[in-house]
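The values are calculated or read from the model by the stated rules, or taken from the named source; none is laboratory data. These figures come from a predicted structure and were not determined experimentally. Cβ sites come from the backbone with ideal geometry, for glycine too, and all protein chains shown count toward neighbours. The area values use the complete protein model at the heavy-atom level, side chains included, leaving out ligands, DNA and RNA. Shrake-Rupley method; radii C 1.70, N 1.55, O 1.52, S 1.80 Å.
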Amino acid sequence: MKPMPGQATAAAVGFLAGGAAGFVLTEAVAAFFHFVLDRTLDVDGSGALLAVFIGVPVLCAAAGALIGASRTRRQGG
């Protein structure tokens, strides 16, 4: 399939927006745990928690890039 001219731009914007949304999501969860549940999340003691805090923004960025590219392809440019 031949890529469209605006498809790369839409994918880049989706990547940045998705990464930002993933970062805000992880920070909102951390703030919820700290202020509402009175428990501070510590990534030093748990490798799984660190992986979640790194993986969620990366996965959201990849999803944003895919969504941006597919919406451009569907709209025709």
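Worth pointing out:
- Residue within the stretch 65-76 that is assigned to a loop (DSSP other than H, G, I, E, B) and not aliphatic (A, V, I, L, M) present: yes
- Residues (open to solvent by 60 Å² or more (accessible area, probe 1.4 Å) and under 12 Å from the mean Cα position of the chain (by Cα)) located in the stretch 28-66: Val52, Ile54, Val58, Leu59, Leu66
- Screening Gly14 with (1) in a helix (DSSP H, G or I); (2) at positive phi gives one miss only, at (2).
- Exclusive hit being surrounded by 15 or more Cβ atoms within 10 Å (Cβ to Cβ) and either modelled with pLDDT under 95 or over 14 Å from the mean Cα position of the chain (by Cα) (or both), set Thr72, Thr9: Thr72
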